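**Q** Please read through the structure below; I'll follow up with questions.
What follows is calculated from the coordinates using simple rules that are stated; it is not laboratory data. These figures come from a predicted structure and were not determined experimentally. Please note: Cβ atoms are built from the backbone with ideal geometry, for glycine as well, and neighbour counts cover all protein chains shown.
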Amino acid sequence: MKRQKKKEGKPVEVEIILNKKKIRGVEKYLVQWKGFTAEHDTWERKEDLGNTKEVLGEFEERMDAEIKRQEKINRAEE
């Protein structure tokens, strides 16, 4: 189970990680919460995400694939 946070006393699960960036030198992930709309997406530190290894792994795989795709496009344009 991917319980991380509580909002209004209810456990909230990570639906998907959308992005990653450094904010004031701290790496944070943009999290979409299951059952909530995009306006409730939040930037969270990795250590605050608890047991989300599977979701984090999926995000990192998507990012690696996108980087490789962009590198392939860049090589083709040269």
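**Q** Mind sorting ASP64, ASP48 by how few other Cβ atoms lie within 10 Å of their own Cβ, fewest first? Walk me through the intermediate numbers first.
**A** Details: ASP64 10, ASP48 13.
The order, fewest Cβ neighbours first, is ASP64, ASP48.
**Q** Provide the gained length on full extension for the span ARG24 to ILE67, in nm with one decimal, where the gain is 0.36 nm per separating residue minus the Cα-Cα distance. Don't jump to the answer; show the numbers that get you there.
**A** Working: separation 43, 0.36 × 43 = 15.48 nm, distance 2.39 nm.
Length gained between ARG24 and ILE67: 13.1 nm.
**Q** As an exercise, use a Förster radius of 35 Å and the Cβ-Cβ distance of GLU78 and ASP48 to find the FRET efficiency, rounded to the nearest 0.05.
**A** Plugging the Cβ-Cβ distance into 1/(1 + (r/R0)^6) gives 0.25.
**Q** From the helices alone, meaning DSSP H stretches of at least four residues, give me the mean residue ellipticity at 222 nm for the chain, per-run term -39500 (n - 2.57), in deg cm²/dmol to the nearest 500. List each step's numbers first, then the result.
**A** Numbers: 1 runs with 25 residues, N = 78.
Helix-only estimate at 222 nm: -11500 deg cm²/dmol.
**Q** Related question: Bin all alpha-carbon pair distances of the range 3-77 at 10 Å intervals from 0 and give each bin's fraction as a whole percent.
**A** For the range 3-77, the pair-distance distribution reads 18, 44, 26, 10, 2, 0.
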